[in-house]
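Participant: This is the structure I want to talk about, given as C-alpha cells.
The values are calculated or read from the model by the stated rules, or taken from the named source; none is laboratory data. Computed from a predicted structure; not experimentally measured. Neighbour counts are summed over all protein chains in view; Cβ atoms, including those assigned to glycine, are modelled from backbone coordinates with ideal geometry.
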Amino acid sequence: MLASRQSLRLLRQKVTSSPTLRLSDWYSSGPLPADSPFVKEFDPTAKIPLSSSAGSGPAWTRHPEWRDGMTAVLTPMPNAVQFVYRTITVQNDTSFQIFLGSDDGIAVWLNGGLLVRNDKHRSCRPNQEILSLALNRGVHHLLLKISNHNGDFEFYFSLLRDHPDALWPLLERDFSEASLRMEMALEIEDKIWQFPEGDEARRLVANYINAYDRACRKRGLEPETLSAKASIDQIRKKYLEVRMNERNYFSGGQVQLLCSSHQDIAWMDSPDQCMEQRDEQVITPALTLMRQNSEFRYGMESMMNLMEYLQRHPERREEVQQLTESGRFEWGATYNQPYESLLSGEQLVREVYLGRKWIKKTMPGCDARVAWNPDVPARSLQMQQILHKAGIPYLFISRHEKGVFRWSSPDGSSVLVFSPGHYGNPMAILDRPAMQAVMGLREELTGWEAHYRERKLPPVLAMIYSNDATGPRPFTELIDVWNDLAESGDSGSFEPRMIYGTAEQFFKAIDVDTAQLHTLCGERPNVWLYIHGPSHHRAISSKRAAGVLLPAAEIFHTVEGLLAGHFNDYPEERLNKAWAASIYDDHGWGGNQGQITDQLFRSKLDFAAREGETLLQAATAKISGRIRFNRKLGQPIVVFNALSWQRSDPVWCTIRRQGPYRIVDQNGVTVLHQVLAAEPGQPLDEERIVFFAKEVPSVGYRVYYVASAEATKSVVKRTAENTEVYENPFYKIYLSPGGIRQIFDKQLQKAILHEGGLLGAELFTMQSVGNGAGEFNDVQQPTMEGFDQASRHQPVWRISANGPVCTQFTLRVALSGCTAVETLTVFNDRKQIDCDLSLLDWDGTPYREFRLAWPLEMTGGQVSYEVPMAVVTVGQDEIAGAAGHAYGSLTYSVACKDVHPREVQNFISASDDRFGVTLSSSVAVCDYVDPTDAQNACPVLQPVLLASRKSCHANGNWYLQEGDHHYHFSLFSHAPGWSNGYRLAVQANHRLTPVLSAPAAADASLPEMESFCELSSANVVLTTLKKCEDDDRIILRCVDMEGQDSRTAVRLFLPLASAKRTNIIEEEGEALTVTDHSVMMPVGHHAIETIKCTPARSQR
C-alpha cells in the first residue's frame, strides 16, 4: 500500500513540479446572479483585482484546497455564475493541453481571448472540453466563467487526460478495509505525501513526525522525541496510534443527515410545473426510499407542500400520515415561507394556523414543531413569539452566519435556531464521492468544534442535504463508510455516528438546559424588500387590503353569530379560504416563468381582498338589520368601527339623493357634510359625500341618518383666499409648485418641514437598477441618473373642493413615463392632512423608481415604524451587528440598524424632543434617508411607490407594472413619540365602514350605538375576535403595542361563563377570572395573548 501511494505521489509530482510550467492557486469570485450588473458588465480583458482593496466588484477568494484533477465543488446557487482565475507561468515557449469539465456551462479566456464557450446543461465530467495551448515565455492569465442553471455547481481542470488523483478512488476500492481507508484519509488530511522531489524518505519521515507532533499537542499530550533515523514504518505506527485514537468534541456524538428540498411555490418554473416536480421528483421518490430503507427520513419545509400532495394523491394519505406520525416524514410548521414583515399581524398568525394547527387537526397523531424559512434574509420582530406561543420551539434558517442560538421577541419568548450559513452549503460536501465526503465532513466538524464547545452543546451536528428543488438521494454508502471508519480506532469511538435524521430530531438532541447559547433579540430588516411592494404594487395593495378586511369581517361575523345565538351561518370555510389566499404568496415572486407565478399570486391576493370586502359587507348588513332605528329621522347610515378603541373619523360614502337633505346623529343633531365631485359614470341621483362620525364605539357602530332638509338651509361653503397659503385651527400650510413648502403646527408652534431640498408631498423619480432580490449584502439603492422631481416642472395647485368638512388642492404634472395627479385634503376641524396620488399611464420604463418625500425639520430625529404586532425604532430594535457570512463571497456585512428602506405596516413616524410626525402608508416599503445628492441629514419620510426592476432569475420576468397606480397617505403632527400618533395613522388605513339601506326588522332590538368589545388598557390592541376553530366558543387575540405591562379587562357585550388563556393556535388553557361580561387578563410588555371565552348565552 505504501508503494502504491509513493507511485501515485510521483505521478502527481510530474504534474505539479514541471520545470517549464508553474500554475498558481485558483481564485474565485461569486457565485453571483447571472443577471447581476457585475456579471453583465464583466470585462474578461481587464486585469483581475485580486487585492481586496482593488476594484469595486465582488472580492476574489484564494482556493489552495482546489486540486487539479479533482472536481472543484462551488457553492450551490441557481441561475448563477462563478468566475475562477489562475496564472500559468512558463519558463520557455511551450505547448500543452488542458482538460476541463463543468456543471453546467463554461467559458474560457486566455489572456483576454475567448477560447471556448459552452452553455449546455450537464453534469461535470473530466475532459468535456480539451484545449491546446501554445504559450510564450512569461505569465499568462486563465479565466473561467462557470454557469449554473440549477443543482450542482462544479468544474474540473487537469493537465493530464487521466489525472493521478483519479487513482485515489481505485486505491480505496482495492484497500476496502475500514482501518486502511481511515489511514489513507488521515494521510491525505495531513498532507503526508505532499513534498517536492528529492530525498523522498527524509521528507516523508519529516511529514510523519510533524503530523504526529501536531496530533499530540491537539490532544494535550507530550509527544515522544522521534529520531529521523527511525524507519518509516516505526514513525508511521506512532503517528497512527495518536491519529487513529484521538477524540474530538463530537466523538461519541452524531452527525445527522437531514434530507430535504428547498421549495419556493414556483421560481424554478411555473407553479404547475413546480407542483408536478415536487410530486414526481421529490415527495413520491422520498416515499419510495422510505419503503426501501426503514432508516431513511425526509423533510419538506412548508405545510402547503403536504396540502397540495394530498390533493394530488388522496390514495397515499394513509401512508403519508403513518410516516409523519412515526417521525420519518417531516413537514414545516408554517403554511409557507413568507416575507414575514410583509404580512399583517393576523396574517402572520395564520401561517401557524395553516401549518401546525392544520396538520394536528387534519392528521390526528401528527405534529409539526420546526418552522423553516431558510431563503429569506430577514426576521420579523414578533415571529419568534408567534412560533413559541404556537408550540413551535424550533426555527431553521439560513442566509445568516452559521450557528446555534436563540432568537427572542421583545416579550422574552424565544425559539431555538440553527443556521448552516446557507441551506445549500453542506450539499457541496455530501455530493462528493464517499471518501472525499468523509474528509469534507471531518473538516466541517472541526469548523463547528469551537462553536459547540463554547456553548456546551451536545455533540450532534446537522448536515442538511438540500438545494432549490433538489430531489432525495440515499446516503447508504457514505453512512456505511463513515460508521466503519468511526469504529476503526482502538477506542471504538473515533468519530460520531452518522444517521438519517429530521430537523426536529436534531433540535431535540441539542435542546438541553445546560447549553449556554447566545440570544439574538430584534428585527433583521429585509434586504430583499424590493421584490414585493415596490415591484408588485397592485398585488401587494390587495394583500394589505385583505389584512385589514378579513379581521374586520371575522370580528363582525362572530358578533352576528353571538347575537343569533348560534354559528350556523358563520362563513368559516369562506373565511379560511380567504385567509389562505391572503398569505398564499411566498418569497418566490418572479423567477423562471415569473409572469405566470406573479399572476397567480396576484389572483389569490385580489380574491382575498374581494372576499374580505364581501364578507364584511354581509356581516355589517346582518347586524344593521338588528338595530332599532328611528325612521322618523330619515334613512339610516350605520357606521362600523372594527378597531378596539373609540374613534372619530371621516366617513366616505355614496347616498341616493331624493331632494334636499342633511346628516344628523341619533339625537337629530346636524353633522356637517360635504358633497364631493362626481366620479365618471356616477348616476345623477347619487352623491358622494364625506362627514365626520364622532366617538364611534370600539368594535361597534354608531347610527347617523340622512334627514330631509329645506333647500334654503344648505350650508354655506368656505372659500379659500388663495392657493399658496391655507390656514385652519391646526395648521398654516404654504403650498409651492410641486409640493408643500412648509407646514406650521399652530398648536405645537413648530415648523414641521425642512426647507431647501425636496418639498413636502413632492413626487420624485430616480434610477433604480436592481433585481428585487439576489446575492447582495444590502438593499440596492436608487441613484441620481435620470433624477426628476415635480417642482422642476412648476405645476400649479388648484382648489378642487372647498366645503364645510375639508378643502382639497390638486396638481397635475407630467414626468418621464407617466402623468401624476396629486390631491391634498386638509380637514377644517381635524388635525390631519391626506395625500392621494395617482401615477397615470405609467409606460413601464425599466429601472425607474418613484418616491414621495416628507422632509422633516428635526435634528437627530428618531424613526419608528409598525411591523406585524409591534413597532420598531431604528437603531434600537434590530439585532446587534450584521447577519454575517452566508456562503462563498457573500457576507451580510452591513449592520442591521443601517439597512434601509424598511418594511412597514400601517405607519412610519419620526420624532425629536420638540415634536413628532406620523405618516400612514398605503405601501409596504418606506425609507427615511435622503437618497438624493442633497443628503439631507434630517429624516425624510418616503413611501417607495413603484420600482420597475427585474427578477434575479436568469430567465426571470421584468416587474414593469405598466398602467395606473393609486396611493393614499395621511400625515399627523403631534407631541414627541410615535405612541402619540400611531392610532390616528392606523385609523387612516382602517376606514370606518358605512352601511346604507339597512333593512327594517320587526324584532330589531339593538340600540343606535353599541360597543361589542372594549379593552381597558390603551396600550393593548385587539387583533381579532373569531369563532373558535374547534367548537362554538369564541377567540379574542390582543397585543401590547407600547411596551407596557398591564392588567387588561376585556369586556364583551354579553355575559361570559368562563375564559381561558390559550396558546396562539387555541390549544391548552389557563383559567382567567370572569366577572359578568368581563375577563381580566395580565398582558406583559409586547405580549400577544389569546383568550378562549365561553358565552353564557343569556338573552340581552
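Participant: Please state which one of GLY522, GLY492, GLY547, GLY501 is on the phi > 0 side of the Ramachandran plot and either modelled with pLDDT of 95 or more or in contact with a Phe, Trp or Tyr (Cβ under 8 Å, 6 or more places away or on another chain) (or both).
Facilitator: Numbers: GLY492 fails: either modelled with pLDDT of 95 or more or in contact with a Phe, Trp or Tyr (Cβ under 8 Å, 6 or more places away or on another chain) (or both); GLY547 fails: on the phi > 0 side of the Ramachandran plot; GLY501 fails: on the phi > 0 side of the Ramachandran plot.
GLY522 is the lone residue from the list that is on the phi > 0 side of the Ramachandran plot and either modelled with pLDDT of 95 or more or in contact with a Phe, Trp or Tyr (Cβ under 8 Å, 6 or more places away or on another chain) (or both).
Participant: Please verify whether segment 679-689 includes one or more residues that are in contact with a Cys (Cβ under 9 Å, 6 or more places away or on another chain) and of a type in the set (A, V, I, L, M, F, W, C). Reasoning before the result, please.
Facilitator: Taking segment 679-689 first, the residues in contact with a Cys (Cβ under 9 Å, 6 or more places away or on another chain) are 688-689.
Filter once more, keeping what is of a type in the set (A, V, I, L, M, F, W, C): 689.
Yes, because at least one residue in segment 679-689 is in contact with a Cys (Cβ under 9 Å, 6 or more places away or on another chain) and of a type in the set (A, V, I, L, M, F, W, C).
Participant: So, in segment 512-540, exactly how many residues are among the hydrophobic types (A, V, I, L, M, F, W, C) and within 30 Å of TRP958 (Cα to Cα)?
Facilitator: Let us first name the residues in segment 512-540 that are among the hydrophobic types (A, V, I, L, M, F, W, C), namely 512, 515, 517, 520-521, 527-529, 531, 539-540.
Next, from what is left, pick out any that are within 30 Å of TRP958 (Cα to Cα): 527-529, 531, 539-540.
Result for segment 512-540: 6.
Participant: Does THR1075 satisfy the criteria of being closer than 29 Å to GLU695 by Cβ and touching a residue at least 24 places away in the same chain (Cβ under 8 Å)?
Facilitator: Numbers: closer than 29 Å to GLU695 by Cβ: yes; touching a residue at least 24 places away in the same chain (Cβ under 8 Å): no.
Criteria not met by THR1075.
Participant: Out of ASP1040, ASP1045, I need the residue that is surrounded by 21 or more Cβ atoms within 10 Å (Cβ to Cβ) and of a type in the set (Asp, Glu). Which one?
Facilitator: On the way: ASP1045 fails: surrounded by 21 or more Cβ atoms within 10 Å (Cβ to Cβ).
Exactly one residue qualifies, and that residue is ASP1040.
Participant: For the list (1) surrounded by fewer than 18 Cβ atoms within 10 Å (Cβ to Cβ); (2) in contact with a Pro (Cβ under 7 Å, 6 or more places away or on another chain), I need the number of the one condition that TYR892 fails.
Facilitator: (1)
Participant: Give me the residue from segment 325-337 that is surrounded by fewer than 23 Cβ atoms within 10 Å (Cβ to Cβ) and not acidic (Asp, Glu) and, out of that set, farthest from the chain's Cα centre (by Cα). Break it down stepwise before answering.
Facilitator: Of all residues in segment 325-337, those surrounded by fewer than 23 Cβ atoms within 10 Å (Cβ to Cβ) come to 325-328.
Adding the requirement that they be not acidic (Asp, Glu) leaves 326-328.
Numbers: SER326: 31, GLY327: 28, ARG328: 28 Å.
Here the answer is SER326.
Participant: When both residues are 6+ apart or on different chains and their Cβ atoms are under 9 Å apart, which pairs have a first residue that lies in segment 889-917 and is assigned by TED's automatic domain parsing to the domain that holds LEU32, and a second that is among the aromatic types (Phe, Trp, Tyr)?
Facilitator: Pairs found: none.
Participant: I need the helices (runs of 4 or more DSSP H) fully contained in segment 266-361, keeping only those with at least 2 residues that are among the hydrophobic types (A, V, I, L, M, F, W, C) and over 26 Å from ALA870 (Cβ atoms). Before the answer, list the steps.
Facilitator: Values: elements: 271-277, 284-292, 303-312, 317-325, 345-352.
So the answer is 271-277, 284-292, 303-312, 317-325.
Participant: Any idea how many residues of segment 582-616 are among the hydrophobic types (A, V, I, L, M, F, W, C) and under 18 Å from the mean Cα position of the chain (by Cα)?
Facilitator: Of segment 582-616, the ones among the hydrophobic types (A, V, I, L, M, F, W, C) are 583, 589, 596, 600-601, 605, 607-609, 615-616.
Subset that is under 18 Å from the mean Cα position of the chain (by Cα): 583, 589, 601, 605.
Matching residues across segment 582-616 total 4.
Participant: Looking only at segment 27-85, count every residue that is surrounded by 22 or more Cβ atoms within 10 Å (Cβ to Cβ), at pLDDT below 85 and outside any loop (DSSP other than H, G, I, E, B) and tell me the total.
Facilitator: The number of residues fulfilling the criteria is 1.
Participant: Please specify each residue of segment 959-976 satisfying the condition of being within 23 Å of PHE827 (Cα to Cα) and either hydroxyl-bearing (Ser, Thr, Tyr) or not assigned by TED's automatic domain parsing to the domain that holds LEU753 (or both). I'd like the intermediate steps shown before the answer.
Facilitator: Going through segment 959-976, the residues within 23 Å of PHE827 (Cα to Cα) turn out to be 966-976.
Passing the criteria: TYR967, SER970, SER973.
Participant: Look through LEU811, LEU839, LEU852 and report the one residue that is buried (at least 23 other Cβ atoms within 10 Å of the Cβ), touching a Cys at 6+ places or on another chain (Cβ under 6 Å) and not in a helix (DSSP H, G or I). Break it down into steps so the answer makes sense when it comes.
Facilitator: Numbers: LEU811 fails: touching a Cys at 6+ places or on another chain (Cβ under 6 Å); LEU852 fails: touching a Cys at 6+ places or on another chain (Cβ under 6 Å).
On inspection, the qualifying residue turns out to be LEU839.
Participant: As an exercise: evaluate ALA1001 against (1) out of contact with any Leu (no Cβ under 8 Å at 6 or more places or on another chain); (2) at pLDDT 95 or above and give the number of the one condition it does not meet.
Facilitator: (2)
Participant: If you go through segment 921-931 one residue at a time, do you hit one that is surrounded by fewer than 22 Cβ atoms within 10 Å (Cβ to Cβ), free of Cβ contacts under 8 Å to residues at least 60 places away in the same chain, of a type in the set (A, V, I, L, M, F, W, C) and over 19 Å from THR783 (Cβ atoms)?
Facilitator: For segment 921-931, residues surrounded by fewer than 22 Cβ atoms within 10 Å (Cβ to Cβ), free of Cβ contacts under 8 Å to residues at least 60 places away in the same chain, of a type in the set (A, V, I, L, M, F, W, C) and over 19 Å from THR783 (Cβ atoms): absent.
Participant: Before we move on, is LEU387 among the hydrophobic types (A, V, I, L, M, F, W, C), over 20 Å from the mean Cα position of the chain (by Cα), closer than 29 Å to PRO472 by Cα and buried (at least 22 other Cβ atoms within 10 Å of the Cβ)?
Facilitator: Details: among the hydrophobic types (A, V, I, L, M, F, W, C): yes; over 20 Å from the mean Cα position of the chain (by Cα): no; closer than 29 Å to PRO472 by Cα: yes; buried (at least 22 other Cβ atoms within 10 Å of the Cβ): yes.
Here the answer is no, as LEU387 does not meet what is asked.
Participant: Mind listing just one residue for me: the one in segment 525-544 that is part of a loop (DSSP other than H, G, I, E, B) and of a type in the set (Gly, Ala, Ser) and, of those, modelled with the lowest pLDDT? Don't jump to the end; show me each part of the working.
Facilitator: Quick first cut of segment 525-544, residues part of a loop (DSSP other than H, G, I, E, B) only: 525-528, 532-536.
Narrowing further to those that are of a type in the set (Gly, Ala, Ser): 533, 535.
Values: GLY533: 91, SER535: 96.
Restricting to residues being part of a loop (DSSP other than H, G, I, E, B) and of a type in the set (Gly, Ala, Ser), the top hit is GLY533.
Participant: Still on this structure: Tell me, please, whether a residue that is charged (D, E, K, R) and surrounded by 14 or more Cβ atoms within 10 Å (Cβ to Cβ) can be found in segment 1071-1078. Reasoning before the result, please.
Facilitator: Of the residues in segment 1071-1078, the ones charged (D, E, K, R) are 1076.
Then keep just the ones that are surrounded by 14 or more Cβ atoms within 10 Å (Cβ to Cβ); that gives none.
No, segment 1071-1078 contains no residue that is charged (D, E, K, R) and surrounded by 14 or more Cβ atoms within 10 Å (Cβ to Cβ).
One line per residue, one yes/no per condition, for (1) out of contact with any Pro (no Cβ under 6 Å at 6 or more places or on another chain); (2) closer than 23 Å to ALA469 by Cβ; (3) of a type in the set (D, E, K, R); (4) surrounded by 12 or more Cβ atoms within 10 Å (Cβ to Cβ):
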| residue | (1), (2), (3), (4) |
| --- | --- |
| LEU110 | yes, no, no, yes |
| LYS120 | yes, yes, yes, yes |
| PRO126 | yes, no, no, yes |
| GLU129 | yes, no, yes, yes |
| SER132 | yes, no, no, no |
| LEU135 | yes, no, no, yes |
| HIS141 | yes, no, no, yes |
| SER147 | yes, yes, no, yes |
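Participant: Quick check on ARG379: is it surrounded by fewer than 22 Cβ atoms within 10 Å (Cβ to Cβ) and charged (D, E, K, R)? Even if it seems obvious, please write down each step before you answer.
Facilitator: Details: surrounded by fewer than 22 Cβ atoms within 10 Å (Cβ to Cβ): no; charged (D, E, K, R): yes.
For ARG379, the condition - surrounded by fewer than 22 Cβ atoms within 10 Å (Cβ to Cβ) and charged (D, E, K, R) - is not met.
Participant: Could you pull out the residue among PRO196, PRO223 that is modelled with pLDDT of 80 or more, not in a helix (DSSP H, G or I) and not aliphatic (A, V, I, L, M)? Even if it seems obvious, please write down each step before you answer.
Facilitator: Numbers: PRO196 fails: modelled with pLDDT of 80 or more.
Result: PRO223 is the single residue among PRO196, PRO223 that is modelled with pLDDT of 80 or more, not in a helix (DSSP H, G or I) and not aliphatic (A, V, I, L, M).
Participant: Can GLN254 be described as touching a Lys or Arg at 6+ places or on another chain (Cβ under 8 Å), in contact (Cβ under 8 Å) with a residue 24 or more places away in the chain and within 27 Å of GLY447 (Cα to Cα)? First the steps, then the outcome.
Facilitator: Details: touching a Lys or Arg at 6+ places or on another chain (Cβ under 8 Å): yes; in contact (Cβ under 8 Å) with a residue 24 or more places away in the chain: yes; within 27 Å of GLY447 (Cα to Cα): yes.
Yes: the conditions hold for GLN254.
Participant: Of the numbered conditions (1) within 30 Å of SER1016 (Cβ to Cβ); (2) over 48 Å from the mean Cα position of the chain (by Cα); (3) hydroxyl-bearing (Ser, Thr, Tyr), THR670 satisfies every one except a single condition; which is it?
Facilitator: Failing condition for THR670: (1).
Participant: Select from segment 591-622 the residues that are of a type outside the set (S, T, N, Q), crowded, with 22+ Cβ neighbours inside 10 Å, in contact with a strand residue (DSSP E or B) (Cβ under 7 Å, 6 or more places away or on another chain) and in a helix (DSSP H, G or I) and list them in ascending order.
Facilitator: Result: GLY594, LEU616.
Participant: Restricting to segment 626-659, what's the tally of residues that are among the small types (Gly, Ala, Ser) and surrounded by fewer than 20 Cβ atoms within 10 Å (Cβ to Cβ)? Spell out the reasoning first.
Facilitator: To start, the set of residues in segment 626-659 that are among the small types (Gly, Ala, Ser) comprises 634, 642, 644, 648, 659.
Subset that is surrounded by fewer than 20 Cβ atoms within 10 Å (Cβ to Cβ): 634, 648, 659.
Qualifying residue count, segment 626-659: 3.
Participant: Which residues, counting only those in segment 494-519, are surrounded by fewer than 19 Cβ atoms within 10 Å (Cβ to Cβ) and in a strand (DSSP E or B)?
Facilitator: Answer for segment 494-519, where residues must be surrounded by fewer than 19 Cβ atoms within 10 Å (Cβ to Cβ) and in a strand (DSSP E or B): ARG497, ILE499, THR519.
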